[in-house]
Amino acid sequence: MRASELKKAIREIPDFPKPGINYYDVSTLFLDAAAFKTTIDCMVERYRGEQIDAVAAVEARGFVLASALAYQMGIGMVMVRKRGKLPGETEDERYTLEYGESHVEVHRDAIREGQRVLVVDDLLATGGTAAATGRLIERLGGQVLGYAFMVELCFLDGRRNLNSSDVFTLIRYET
């Protein structure tokens, strides 16, 4: 399968979670072995040869992508979770949602000083979660090398919230 065909593997659900919203369900891409393999292969190829120490996976679908990426690249994976889900000492970061706020957290010992980290998630919408993840990594002494997403909703302009010139996406929805 070619990268240009990946969009066909994503189910679109109109009016979810509310009227007027078109939901892009990436679980159907994960079910399609050829599409999933192409996705991981393309992401690995994009970062081949770069000095990356770990990928930071954003809960929950980001775990799927980042674990496959970390395995293929022979590096570790840091789990970034919603508040209250990690058992050890954590560092927390608040971010704004369209209708409120939320928090992400990471174990304090998950990031080492100077560690080079790639943030990975399934979808870039407004960029709030990814930006909060980047701030967490930097606060713990890590260096954010960039952000990698399977899907980008370009019309929400989430890139503007990411403090990086390296934002990689495979599938783009312009409208």
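The values are calculated or read from the model by the stated rules, or taken from the named source; none is laboratory data. Worth saying up front: this structure is predicted, and the values here are computed from it rather than measured. Neighbour counts are summed over all protein chains in view; Cβ atoms, including those assigned to glycine, are modelled from backbone coordinates with ideal geometry. SASA here: full protein model, heavy atoms, side chains in, ligands and nucleic acids out. Shrake-Rupley method; radii C 1.70, N 1.55, O 1.52, S 1.80 Å.
Here region 1-29 is the region considered, the condition is being in a helix (DSSP H, G or I) and open to solvent by 20 Å² or more (accessible area, probe 1.4 Å), and the residue that is nearest to Asp122 (Cα to Cα) is Ser27. Pairing residues of region 1-13 that are modelled with pLDDT under 95 with residues that are assigned to a helix (DSSP H, G or I) and charged (D, E, K, R), at Cβ distances under 8 Å and at least 6 apart in sequence or on separate chains, gives Met1/Lys37.
Number of residues in region 154-175 that are surrounded by 13 or more Cβ atoms within 10 Å (Cβ to Cβ), among the hydrophobic types (A, V, I, L, M, F, W, C) and either out of contact with any strand residue (DSSP E or B) (no Cβ under 6 Å at 6 or more places or on another chain) or not in a strand (DSSP E or B) (or both): the value is 3.
Among the residues of region 45-99, the ones that are among the polar types (S, T, N, Q) and closer than 14 Å to Phe149 by Cα come to 1 in all. Does Glu101 count as assigned to a strand (DSSP E or B), free of Cβ contacts under 8 Å to residues at least 60 places away in the same chain, farther than 16 Å from Arg61 by Cβ and open to solvent by less than 50 Å² (accessible area, probe 1.4 Å)? For Glu101, the condition - assigned to a strand (DSSP E or B), free of Cβ contacts under 8 Å to residues at least 60 places away in the same chain, farther than 16 Å from Arg61 by Cβ and open to solvent by less than 50 Å² (accessible area, probe 1.4 Å) - is not met. Scanning region 115-153 for residues that are open to solvent by less than 30 Å² (accessible area, probe 1.4 Å) and either in contact with a His (Cβ under 7 Å, 6 or more places away or on another chain) or in a helix (DSSP H, G or I) (or both) turns up Gly128, Ala130, Ala131, Ala132, Thr133, Gly134, Leu136, Ile137. Summed over region 30-63, residues that are part of a helix (DSSP H, G or I), closer than 20 Å to Thr129 by Cβ, in contact with a strand residue (DSSP E or B) (Cβ under 7 Å, 6 or more places away or on another chain) and touching a residue at least 24 places away in the same chain (Cβ under 8 Å) total 4.
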